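Here is the structure we will look at.
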Amino acid sequence: MSHLVAPSLLSADFSNLLPDIEMVNSSDADWFHMDVMDGVFVPNISFGLPVIEAVNRHTLKPLDVHLMIVNPDPFITRFAEAGANVLTVHIEACTHLHRTIQAIKAENMHAGVAVNPHTAINDLEDIIGEIELVCLMSVNPGFGGQKFIENTYRKIERLRKLIDRNGSKAKIEIDGGVGAGNAKKLVEAGADVLVAGNAVFGAEDPVDAIAQLKNP
C-alpha cells in the first residue's frame, strides 16, 4: 500500500481556513492532521475542540488529531464527538497509557501514540500490538517550521523492526520538518504517513506540493 499524506492545518491560514480545507479536499492528500496544544505539555497553544468541530463540517477526508496535552483522558469522548477519526496521545503525557488507548478505541477511533525525539522506541514494546499508529516526532513538539532531526531515519528502522517482531499493524507517521527533500528517503526507511505543514501551506502551489509528497 502506498504511503499517506496528512497536511497539517497548524500551518494553514487561521483567519480563513475554509479555502485551505477545500484545497486539501481536492488534492491527493489522504488525511487532515490537526495539532492540539495546551501550553503545558508543549510551550505553545493551538486550536481545540470548537475548531476541530468546525473543520469536520467541511472535510471529506479523515481527521488525524494529535494531542500534545497533559492528561488527555477526560477529553477523549469529546474529541470523538468533534469528529476525530485517529486520536494520538503522547507516551510522555500518559501515566496509564494502556487505559488511555482502550478508552480511545472504545470511542471507535483509531488509537495512536506519539513519541518525542528523545524517547526510546523500546518504550513502545508493551503497547505496540494495541495501537494503529505511532507518530514519530522528527522535531521537538510545539511549533511548526523546525529543522528535521536526522536521527529520525534510524528510529523509523528500529520501530519497523519492533512492529514486525510483534505482528503489529501500526502505521509509522512522521511529524516535523517533512518536505519534498526528504519524503522519498522517509518512505524508503519505512514511513507510512507523512505529516507536512509549511511544505504544503507555504508552497506557491500547495496542491502540487501535496502531489510531490504523495509521489516523491
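Each reported figure results from applying straightforward, stated rules to the coordinates on display, with no laboratory input. From a predicted model like this one, the values you see are computed outputs, not experimental measurements. Every residue, glycine as well, gets a Cβ built from its backbone with ideal geometry; the counts of neighbours run over all protein chains shown.
Key figures
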{"quantity": "Filtered residues of the stretch 184-207 (kept if farther than 11 Å from I156 by Cβ, surrounded by fewer than 23 Cβ atoms within 10 Å (Cβ to Cβ) and touching a strand residue (DSSP E or B) at 6+ places or on another chain (Cβ under 6 Å))", "calculated": "none"}
{"quantity": "Some residue of the stretch 75-89 being part of a loop (DSSP other than H, G, I, E, B), among the aliphatic types (A, V, I, L, M) and closer than 18 Å to E173 by Cα", "calculated": "yes"}
{"quantity": "Selection from the stretch 1-26 of residues that are buried (at least 20 other Cβ atoms within 10 Å of the Cβ) and more than 17 Å from E173 (Cβ to Cβ)", "calculated": "A12, D20, I21"}
{"quantity": "Residue within the stretch 131-145 that is surrounded by fewer than 17 Cβ atoms within 10 Å (Cβ to Cβ), among the aromatic types (F, W, Y) and under 16 Å from the mean Cα position of the chain (by Cα) present", "calculated": "yes"}
{"quantity": "Matching helices (runs of 4 or more DSSP H) fully within the stretch 118-216 where at least 3 residues are of a type in the set (V, I, T) and either touching a residue at least 12 places away in the same chain (Cβ under 8 Å) or farther than 22 Å from L9 by Cα (or both)", "calculated": "152-166"}
{"quantity": "Residue in the stretch 100-111 that is at positive phi and in a loop (DSSP other than H, G, I, E, B) present", "calculated": "yes"}
